[in-house]
Amino acid sequence: MLRIAVPNKGMLSETAAAMLREAGYRGRRDNRELSAIDPVNDVEFFYLRPRDIATYVGQGVLDAGITGRDLLLDARSEAHEVLELGFGDSTFRFASEPGRFTDPRELAGKRVATSFIGLLERWFEREGIENVTLVKLDGAVESAIRLGVADAIADVVSTGGTLRKAGLEIFGPVILESTAVLVSTPEKEAAAQTLMRRLDGVMVARRYAMIDYDAPTDILDAAVAITPGFQSPTISPMRDSEWVAVRSMIPLNEANQIMDQLHELGARAILVTAIQAVRM
Ligand SMILES: Nc1ncnc2c1ncn2[C@@H]1O[C@H](COP(=O)(O)OP(=O)(O)OP(=O)(O)O)[C@@H](O)[C@H]1O
Ligand SMILES: O=P(O)(O)OC[C@H]1O[C@H](OP(=O)(O)OP(=O)(O)O)[C@H](O)[C@@H]1O
Ligand SMILES: [Mg+2]
């Protein structure tokens, strides 16, 4: 039975659970369940703190897990990314009072509060910035400066709303671009192939749509250039030999532009339909 770690709360938990549901798995019914068995798919899910997931997977006790790239790197785990999941995007940034710092080199000899000690230690090491005191906090890091325990913070920034409310300003380079990832280890990766293909299918189904249209044969080359699909579009003969029917996958967010372009070329009966599930 494949054993998969899923965030039990926080920013990633709802979307992770929804993705697994869309991938055909049966998760927990109740948010307090610690684990759940899906007998049809021969999978057991363990609902864990996102921060702990890389540790469990890295030690080989669980086969794969969903977590954030920032948490994976912070954990110094043996686990590695096998798939980006297309949600939970954030950046990891320095911030402090407006105008106080412009460059992280100015942090030498200063105190920096963060929940990501491992990640930050390695970053300072790589940049050759020494003598920074790291203050480990569990959350609400933005309050650390006002409360006097740090001179700067390093934290997850998404919209920037939390920093703004705390009266803080970003400085320095992007420390890390994070996103939700599926992690595993080399020993377990083969066993997790079906899970990977299913999650990949969910992302494709969310981002792509199916397009069908009828095209006069003389515009076929131009039409197919607009809808090349993944492998190659399907071209079917029609009763009227001067027309063909074309079927292809297109990016969902470009659907209306593509339909307009095809119509202008002379294609007709242009239909776009949602994709329910995919194995690429
Ligand atoms: N506002 C956000 N937007 C996007 N991703 C975020 C945001 N906050 C956190 N994340 C990402 O979600 C993951 C887990 O962070 P989360 O805040 O859920 O965990 P936590 O801080 O340990 O838990 P909690 O905040 O519930 O105490 C991390 O990879 C992080 O980058
Ligand atoms: O840029 P924003 O869109 O405002 O998002 C960033 C905030 O979201 C997370 O906080 P969370 O709600 O997880 O609380 P925490 O600090 O206690 O982890 C993160 O730690 C930032 O504080
Ligand atoms: Mg948080």
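Just so you know, all these numbers are worked out from the coordinates, no wet-lab data involved. Every value quoted in this text rests on a predicted model; they were computed, and no experiment measured them. FYI the Cβ positions are ideal-geometry reconstructions off the backbone, even for glycines, and counts take in every protein chain you see.
Nearest 20 debye, what's the magnitude of the dipole of the chain about its Cα centre given +1 on Lys and Arg Cβ and -1 on Asp and Glu Cβ?
For this selection, approximately 900 debye.
On the principal axes of its Cα set, how long, how wide and how thick is the chain? Give whole Å, largest value first.
Ordered largest first, the chain gives principal extents of 79, 49, 33 Å.
Residues in region 189-218 near a label at ARG268, defined as backbone nitrogen under 13 Å from the 7 Å Cα→Cβ point?
So the set is 214-217.
Can you give the % of DSSP beta bridges in the chain that are antiparallel, to the nearest 5?
Values: 42 of 56 bridges.
For the chain, the DSSP antiparallel bridge percentage is about 75.
Within 10 Å, count the other beta carbons around each residue, average over each peptide in 224-231, 177-184, and list them highest first.
Per-residue Cβ counts within 10 Å, averaged per peptide and sorted highest first, yield 177-184, 224-231.
How far is helix 193-207 tilted off the main Cα axis of the chain, in degrees rounded to 10, range 0 to 90?
Its long axis makes an angle of about 70 degrees.
From the Cα gyration tensor of region 19-66, with a ≥ b ≥ c the square roots of its eigenvalues, which class applies: rounded if a/c is under 1.5, or else prolate if a/b is larger than b/c, or else oblate?
prolate
Grab the Cα-Cα distance for ARG32 and VAL61, subtract it from 0.36 nm times how many residues apart they are, and report the gain in nm with one decimal.
Working: separation 29, 0.36 × 29 = 10.44 nm, distance 2.17 nm.
Separation in residues times 0.36 nm, less the Cα-Cα distance, equals 8.3 nm.
At a 10 Å Cβ-Cβ cut-off, how would you order ASP89, ASP38, ASP63, fewest neighbours first?
Fewest-to-most Cβ neighbours within 10 Å comes out as ASP89, ASP38, ASP63.
What's the angle, to the nearest 10 degrees (0 to 90), between helix 13-22's Cα axis and the longest principal axis of the chain?
20
Arranged by the count of other C-beta atoms within 10 angstrom, fewest first, what order do LYS188, LYS136 take?
Working: LYS188 18, LYS136 11.
Lowest to highest Cβ neighbour count: LYS136, LYS188.
Thinking of region 19-132 as a set of Cα atoms, what percent of all their pairs are more than 19 Å apart?
The answer is 59 percent, as a whole percent.
Among SER115, SER248, SER143, which comes first, second and so on when ranked by fewest other beta-carbon atoms within 10 Å?
With the sparsest Cβ surroundings first, the list reads SER143, SER115, SER248.
Going highest first, how would you order 216-222, 90-96 by mean Cβ packing within 10 Å?
Highest-to-lowest ranking by the protection proxy: 90-96, 216-222.
Note the count of lysine pairs whose C-alpha atoms are less than 24 angstrom apart in the chain, limited to pairs 8 or more residues apart or on different chains.
5
Can you give the helix-only mean residue ellipticity at 222 nm for the chain, where every DSSP H stretch with n ≥ 4 adds -39500 (n - 2.57) and the sum goes over all residues, rounded to the nearest 500 deg cm²/dmol?
The per-residue figure over the chain is -7500 deg cm²/dmol.
What is the distance, in nm, between label points placed 7 Å from the Cα along the Cα-to-Cβ direction at GLN276 and at ALA191?
3.2
Rounded, prolate or oblate: pick one for region 208-274, where a ≥ b ≥ c are the square roots of the eigenvalues of its C-alpha gyration tensor, a/c under 1.5 means rounded, and failing that, prolate if a/b is larger than b/c, else oblate.
Numbers: a/c = 1.75, a/b = 1.48, b/c = 1.18.
Prolate shape, in that a/c is at least 1.5 and a/b is the bigger ratio.
Can you list the GluC sites (Glu not before Pro) in region 87-163 that are in a DSSP coil and have 15 or fewer other beta carbons within 10 angstrom?
Passing sites in region 87-163 are GLU130.
ARG239 to ALA255: extension gain in nm, 0.36 nm per residue of separation minus the Cα-Cα distance?
Taking 0.36 nm per residue and subtracting the Cα distance, the gain is 3.0 nm.
If you fit an axis through the alpha-carbon atoms of helix 255-265 and take the longest principal axis of the Cα set of the chain, what angle between them do you get, 0 to 90°, nearest 10?
30
Give me the three principal axis extents of region 91-166 from the C-alpha atoms, as integers in angstrom, largest value leading.
For region 91-166, the Cα extents along the three principal axes come out at 32, 23, 20 Å.
Can you classify region 63-125 as rounded, prolate or oblate using the Cα gyration tensor, where a ≥ b ≥ c are the square roots of its eigenvalues, rounded means a/c under 1.5, and otherwise it's prolate if a/b beats b/c and oblate if not?
The shape class here is prolate.
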